[in-house]
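Values in this text are rule-based calculations from the coordinates and carry no lab data. From a predicted model like this one, the values you see are computed outputs, not experimental measurements. Cβ placement follows ideal geometry from the backbone for every residue including glycine, while neighbour counts extend to all protein chains displayed.
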Amino acid sequence: MRNYTHRSRFPFVMTMLTLVFLYTPLIVVAVASFNASKYGGAWTGFSLKWYERLFQDNAIWDALVNTLVIALIATFFATLLGTLAALALHRSKHKLKGIYSALVYTPLVVPDILQGIGLLLLFEIVLSTFGEWMRRTFGIEMGLGMTTIVIAHITFCLSYVTMVVLGRLQEFDRSVIEAAQDLGASGLYTFFRVTLPIISPGIIAGALFSFTLSIDDFVITFFVKGAGDTTLPIYIQSAMRRGTPAVINALSVIFLLMTFVLVFVTQRLLTDKKGLKK
Amino acid sequence: MWFKKASNFFVGLPTFVWLLIFYALPVLIVFLLTFKPVDSAGGIGAGWTLSTLCELGNPNYPLIIWRTFWLGIVATAVCIAVAIPISYCLSRMSSQLRNVFLMLIIVPFWTNFLIRIYAWRVFLHSDGVFKHLLVLIGLADESTVLLYNQWAVLTVMIYTYIPFAVLPIYAVAEKFDFSLLDAAKDLGASSFYGFRKVFFPGIAKGVWTAVMVVLIPAFGAYLIPDLVGGPTSELVGDKIAQRVFNDRNLPHASALSALLMMAVFLPLIGTVWIRKLKSRKANAEVADA
Amino acid sequence: MEILRFENITKRYGDNTVLDNVTLSIGAGEVFSLLGPSGCGKTTLLRICGGFERPDSGRVILDGVDITDLPPNRREVRTVFQNYALFPHMSVWENVAFGLKTAGMDAKRIAEAVPRYLDLVQLAGFEDRKPGQLSGGQRQRVAIARALINRPKVLLLDEPLAALDLKLRQRMLIELDALHDDVGITFLFVTHDQQEAMSISDHIAVLRGGHVEQIGTPPELYEAPKTSFVAAFIGDTNFFPGTVRRVEGDYCDLEIEDFPTLRLYNDKKIREGGSVHISIRPEKFMISLDKPGNIKPNTNLLQGKVEDVVYLGAHTRYWVRVNDWRVAVVKQHYGYALDERRITWGDDVWLRFEADNAYMLDRYAEADENLLLLPDTEEEAPTPPDASEAATASTAEGATASTVSGTTP
């Protein structure tokens, strides 16, 4: 006879199998990064030579610096613009609200390749129209590069920030703001002393999210980067097209560790969120 | 609040303008370029034409479009099929255990996309450990190539999108009232029947989100077929990049992108519209009662 | 002395008129309640007073000053919100000190004032807790201390007890009353619960559909309701329509269809042949098995049959059929109830009531009967009130229609 409280084991088995599926390739890479041989098909002894080569490879470090600079600038502006949009959307009852939220939210569902080609076309049109003129009048050389990458990154990151911050805004009770005003606080005082502290975990989470997305992005960057500047994903991709260079194994392990730390921090933020909710 | 309206306008303005210029305008340009001719220097010609759209009919494209669609749909179906039991499992765990498992699922999601693809290149490599294993148990021979085909593309797609599917479904499942399942059993339903008739409708909204979240990047996939696929597994995304970087045929690339966009937006708008219609109907019924 | 006055306040949301030309005057130092069912506009009126809503027309006068156009942060009123609206990221101490900080008070005086108000609401020792670490009753006290600390001219309480369970609600009600005596600040109290309003208020304004039905002290509202709505909303009652027949001095005979003619005090001075509705509270009837002797001329004596009995401990409620009418009657147990000869189903009984104990209504509406026995536990729709409030009101009326007691011919 079946127990009343019997639960099928199937979901748990499925979960475990999925985790195996998710981690096996990563573990293979991690192990390979310490293997003297190149593909891990055979263990030819423990070695740190891939890590040594990684740290000697200047091209990787240049790409990493570019990636981080882009990610930091893009995160700052995306967080700012995204938070402003969330505040506006939260308060507004205006007729334009529908259009505004479509503008903010549809980038989340537009394939990145389309955003990439669209931005490339826009930049090319602007450059071919104003580039020559700018060079002649102001002596400013305009071209695809870091600036266009940053603009593109801000654009696709800010929607995520808005989504997270707006979620946080909707979660807390609107009457708290009314209470602050009732207790004599001006609009600005209320914003800085009540609204901002309450939504700050959302803003931080949104910023972390943008930072990761920016570091992660390949496709859009690939379209708008121009000839010169390289980011880490671009570097890895071009290295991969040439073969399967084993230094990337070492790089992957470092990235994985960074991700674990980042996820851990975000989880802590989420726990904090629960505490606030009550 | 009446005295907030003006300030609200200025709070919202910068982002609005930014997105208008760097999001709405580029998308518009893509659509417009579809109807522009190409000139010999790789630029945009004058006038308007429908020839680009006609060229999409050449035998090469339908095959690629078809392949993009079926790979996307299969990948989505598999991801959803896996994500539902996982979400169920996670939401029934104790909160400590749940956090650990959730983290384990999120980590690959946050790991650099390229590194995930790279890991598969290593894993499926002809000199790799998996291949050796397959040869050892007789499922493959030395000459088998695991990479550079549709199956590799599909596998890596599923691999990358599983966390995308789990998160929205889990978010809904976590709030599901599991005593409803007990109630279903109490009323004589089997576990599976209860799952199908009570749990599934309860999480349907999350499943829809998951479908969208997986289907959209799957249709637009460029990197995965580029890196683990071969000439026989090209997708629309590869073609767009080729048209931009190899032959400099921007109208062609635009037309393909526009097609991709329609493929994403039509079902999306359809879903939203159906939901609206349903809720309006429900509201009308409430009003009648 | 008047502290707060609403003058001809009208507020609409779209086509829905939430407040229709409401005028109220609230005296300094009193507890004034706005009482009414969901959707009556009481919360909107409170929010207009707090500055969270702007009336379409009319003025709000606080202590002689027109505050209609002032934003909430520049009004000398404070609100205790229904769900308390404590700042989740601040400690109890910071929450309570908030109003003093916005007022620009220096840290030393704040440090003196906060403990005094925490003492007042019996929360000394909880300074460092976050709102999330407090029980419902404790949060309520923080909200009250936070609102009182600025010594506002009027304290607005928006259903402050609705989120608490019954026992705690009763205790907080007593505490609120004591607190009011301590601080001497005017309380404007919004509630849908007539018992809450009756027990704490000096004056009550009964609101309905955006207008004031009646303003009065609790006994006035109970004993001398002007409209069938007030009679039905505050306590239970029996309504009878009739025609005045014989007028003798202050008294008259009222002819009621299919019911014995009643002798009544003619307080409305209605002439012979005029028609009127009367309200008789269930406890005004004396029920007995034996025919009472010693009947005075102005005593009515009716004969009926018990149809339903509900034993409620302190008293028992009977429904007695008299001719074609069901009459609600309440009997208080003076003696030990088990010793009494119990009146039960099917008993033939006598009902007696004095001519002075019925009350003639100014206005009677059939729909108001539906509000009889409105469940006390019904929650008001959460703020901000909007068009849906009207919808909730109509469903609430519909839901209670079946519980009408008294006059169903």
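See the values below:
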read-out	value
Packing-based ranking, highest mean first, of C:271-277, C:227-233 given that Cβ atoms within 10 Å are counted	C:227-233, C:271-277
Rg/Rh (Cα only; Kirkwood hydrodynamic radius) as it applies to segment B:61-252	1.06
HN-Hα J in Hz across segment B:102-110 - Karplus 6.51, -1.76, 1.60, θ = phi - 60°, x for Gly and Pro	4, 5, 4, 7, 6, 3, x, 5, 8
Dimensionless Rg ratio for segment B:132-183, taking C-alpha atoms and the 2.2 N^0.38 Å reference	1.97
Highest-MSF residue in chain B out of B:Tyr23, B:Tyr193, B:Tyr61 [GNM, Cα springs under 10 Å]	B:Tyr23
Protection proxy ranking of A:72-78, B:133-139 - average other beta-carbon atoms within 10 Å, highest first	A:72-78, B:133-139
Length-normalised contact order of chain A in % [C-alpha pairs under 8 Å, at least 6 apart]	30
Shielding by other protein chains, A:195-208, mean Cβ within 10 Å	1
Candidate lysines for bridging to C:Lys331, where Cα separation is under 18 Å - those fewer than 8 sequence places away on the same chain excluded	C:Lys284, C:Lys291, C:Lys305
Proportion of all alpha-carbon pairs of segment A:35-126 beyond 17 Å (%)	74
Average partner coverage of B:131-140, which counts Cβ from other chains inside 10 Å	1
Rounded to 10°, Cα long-axis angle of helix C:107-120 versus longest principal axis of chain C	20
Under-5 Å amide H pairs with C:Thr186, H placed in peptide plane, nonlocal only	C:Gly29, C:Leu155
Hz values of 3J(HN,Hα) by residue in segment B:237-253 - Karplus curve (6.51, -1.76, 1.60), Gly and Pro given as x	x, 4, 4, 4, 4, 4, 5, 7, 9, 8, 9, 6, 9, 5, x, 4, 4
Residue among B:Ile44, B:Ile105, B:Ile274 with the largest mean-square fluctuation in a Gaussian network model of chain B, springs linking Cα atoms under 10 Å	B:Ile274
Placed amide H near C:Leu207: partners under 5 Å, 5+ positions off or other chain	C:Leu35, C:Gly36, C:Glu213
Segment A:57-277: C-alpha pair distances exceeding 33 Å, %	29
Per-pair calculated FRET efficiency, R0 = 51 Å: A:Phe138 and B:Leu134 via Cβ, rounded to 0.05	0.25
Inter-probe distance in nm under a simple model that places probes 7 Å from Cα toward Cβ, at C:Asp15 and C:Asp290	6.4
Separation in nanometres of the label points that stand 7 Å from Cα toward Cβ, at A:Val65 and A:Met146	0.9
Between helix C:166-183 and chain C: long-axis angle, C-alpha atoms, 0 to 90°, nearest 10	60
Number of partner chain Cβ atoms within 10 Å, mean per residue of C:86-97	4
Segment B:80-131 and segment C:96-124: distance between their alpha carbon centers, rounded to Å	53
Most mobile of C:Thr237, C:Thr102, C:Thr44 in a GNM of chain C (Cα contacts under 10 Å)	C:Thr102
Top positive-direction residue, dipole computed over segment A:57-277 with Cβ charges, set A:Thr230, A:Leu114, A:Trp61	A:Leu114
Relative contact order of chain B, defined on C-alpha pairs under 8 angstrom at six or more residues apart (%)	25
For the protein assembly as shown, alpha-carbon Rg relative to the globular expectation (2.2 N^0.38 Å, N residues)	1.24
Within chain C, helix-based [θ] at 222 nm, where runs of 4 or more DSSP H residues each add -39,500 (n - 2.57), nearest 500	-7000 deg cm²/dmol
Two-site FRET efficiency, A:Lys97 against B:Trp208, from Cβ-Cβ distance with R₀ of 35 Å, rounded to 0.05	0.90
Contour minus Cα-Cα distance for B:Trp151 and B:Met93 (0.36 nm per residue)	17.5 nm
Length gained when the stretch C:Ser135-C:Asp202 is fully extended (0.36 nm per residue, less Cα-Cα span)	21.2 nm
Amide H contacts of C:Tyr251 (H built 1.01 Å from N, under 5 Å, at least 5 apart or other chain)	C:Asn266
Lysine pairs within segment B:61-252, Cα separation less than 23 Å, 8 or more sequence positions apart or different chains	5
Value of [θ]222 nm, deg cm²/dmol, for chain A, DSSP H segments ≥ 4, -39500 (n - 2.57) each, nearest 500	-25500 deg cm²/dmol
Gap separating the Cα centres of segment B:184-203 and segment A:143-186, nearest whole Å	40
Spin-label model distance (nm) - C:Lys108 vs B:Arg280, 7 Å beyond Cα toward Cβ	6.7
Sites C:Arg246 and C:Asp347, calculated FRET efficiency, Cβ-Cβ separation with R0 35 Å, nearest 0.05	0.60
Acute angle (nearest 10 degrees) that the helix C:136-148 long axis makes with the longest principal axis of chain C, alpha-carbon atoms	70
Segment B:211-272 and segment C:160-192: distance between their alpha carbon centers, rounded to Å	64
Per-residue ³J(HN,Hα) for segment A:246-252, Karplus 6.51 cos²θ - 1.76 cosθ + 1.60, θ = phi - 60°, Hz, x for Gly and Pro	6, 4, 4, 3, 4, 4, 4
Highest average packing first - C:283-296, C:87-100, C:48-61, Cβ atoms within 10 Å	C:87-100, C:48-61, C:283-296
